[in-house]
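Chemist: Below you'll find the structure I mean.
The values are calculated or read from the model by the stated rules, or taken from the named source; none is laboratory data. Everything numeric here is computed off the predicted structure, so don't read it as measured data. Note: ideal-geometry Cβ built from the backbone for every residue, glycine included; neighbour counts use all protein chains shown. Ligands, DNA and RNA are stripped out before the accessible areas are found, and what is left, the full protein with its side chains, is counted by its heavy atoms. Shrake-Rupley method; radii C 1.70, N 1.55, O 1.52, S 1.80 Å.
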Amino acid sequence: MKQSYRIFLSFIALLFIIGAQAGNLPRYGIPSSEVRKLSSELTGSDYEILVWLPHSYVKETDKKYPVIYILDGQWDFSTVEASIRNNFVDGAIPEVILVGISFGGSMPEHLAKRTHDCLPTKLTYGGSSKGGGAPKFLQFIKEAVIPLIESNYRVDDSYRVLGGSSYAGLFTLYTMMMETDLFDAYIALSPSLSWDDGWLLSEQKRRAEEFQSMKTRLWLGVGSEENPRTIEGTKAFYEEVLKQSDGFQLGSRILEGEGHASMKAAAYSYGLRFAFGHLNKPVDQPQKN
């Protein structure tokens, strides 16, 4: 019995030693990235603006870069950063600056805050309301986030891209409809077009005449294993855009075998090539080992 007890104590001690060593190991972050903090009286929220700079940014001091702004930066910043690097290495896109819009504060409530900020209309369930913050969130991006980036980094302000998924995909399409010229291309993944009985789809049809004059680039993506409402809503939006405007450069893909979250890695890769590929100039690319 005593022998078993000694073995047990030795095992516990070993766990403490391993835990202490792990706690002392250096943490890994994304190289060439930094965080800026913004507070908005308009939305009533704190934000963290994540910025990743391309490899040549420090050395090529006269060079300016197009920018992609990604919503849900707390989840998708690292995914998109990796996709940008890989597509650049393959010669598919030029170097770009990545900006992720995330939530800040001591205890950020990501789900609740993104629901409020990204959804264009407010719905009430059992006495509590959801959504309705999209107009102010869009104004915050336009008046605070974009000026912050363009005044602090060497940005080619002639080309901006906005991307988002799910509720943020819906917000991406909302932005395209309300402030088309604010961005030059849009990447909308799995947009939650069923929100409020398909409010955005109805708004799209109501604005049919405006759509006829819109000129922008839009890439839509959805996973084949997602909720059927998400798939059908994405298809419906795509088909309406085809009907309504000749000014759109339009791309889309159903990603086979992918679900609501797993589709994002591949979908952002396709979206990046669609949004930036036409800007690419042949250059000597670094080679993978």
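Chemist: Taking the chain as a Gaussian network, Cα atoms linked when under 10 Å apart, which of 248, 77, 137 shows the biggest mean-square fluctuation?
Modeler: Judging by the Gaussian network model, the answer is 248.
Chemist: Further, regarding this structure: Can you bin region 61-113 into rounded, prolate or oblate? Criterion: square roots of the alpha carbon gyration tensor eigenvalues sorted a ≥ b ≥ c, rounded for a/c under 1.5, prolate for a/b above b/c, oblate for the rest.
Modeler: It is prolate, given that a/c is not under 1.5 and a/b is the larger ratio.
Chemist: Please give the net charge around residue 120, taking every other residue with its beta carbon less than 14 angstrom from that of residue 120, where Lys and Arg add +1 and Asp and Glu add -1.
Modeler: +1
Chemist: Also: Could you compute how much accessible surface residue 205 exposes when probed at 1.4 Å, giving the result in Å² to the nearest 10?
Modeler: 120 Å²
Chemist: Related question: How are the Cα pair distances of region 185-289 distributed, in percent, across 5 Å bins from 0?
Modeler: 2, 12, 20, 20, 18, 13, 7, 3, 3, 1, 0
Chemist: Additional query: Which of these values of volume of the Cα convex hull per residue in Å³ was calculated from the structure shown: (1) 257; (2) 125; (3) 209?
Modeler: Recomputing volume of the Cα convex hull per residue in Å³ here picks out (3).
Chemist: Just the accessible area for residue 142, please: 1.4 Å probe, Å², rounded to the nearest 10?
Modeler: Surface open to solvent at residue 142 totals about 90 Å².
Chemist: Give the share of C-alpha pairs in each 10 angstrom bin for region 89-247, from 0 to the last occupied bin, in whole percents, shortest bins first.
Modeler: 9, 37, 36, 16, 2, 0
Chemist: Let me check against my output: what whole-number percent is the relative contact order of the chain, with C-alpha pairs under 8 Å and at least 6 apart?
Modeler: In percent, rounded to a whole number, it is 17.
Chemist: What residue among 266, 169, 214 has its Cα farthest toward the positive end of the dipole of the chain, where the charges are +1 on Lys, Arg and -1 on Asp, Glu, each on the Cβ?
Modeler: 266
Chemist: Distances longer than 24 Å among the Cα atoms of region 118-211: what percent of all pairs is that?
Modeler: 25 percent
Chemist: Any of 64/113; 37/136; 136/264; 37/215 with alpha carbons more than 30 Å apart? Name them for me.
Modeler: Pairs exceeding 30 Å: 64/113; 37/215.
Chemist: Can you tell me the dipole magnitude for region 27-88 around its Cα centre, using point charges on the Cβ only (Lys, Arg +1; Asp, Glu -1), in Debye to the nearest 20?
Modeler: Dipole of region 27-88, to the nearest 20 debye: 300 debye.
Chemist: Here's another thing I want to ask about it. With +1 on each Lys and Arg Cβ and -1 on each Asp and Glu Cβ, how big is the dipole of the chain about its Cα centre, in debye rounded to the nearest 20?
Modeler: It comes to approximately 800 debye.
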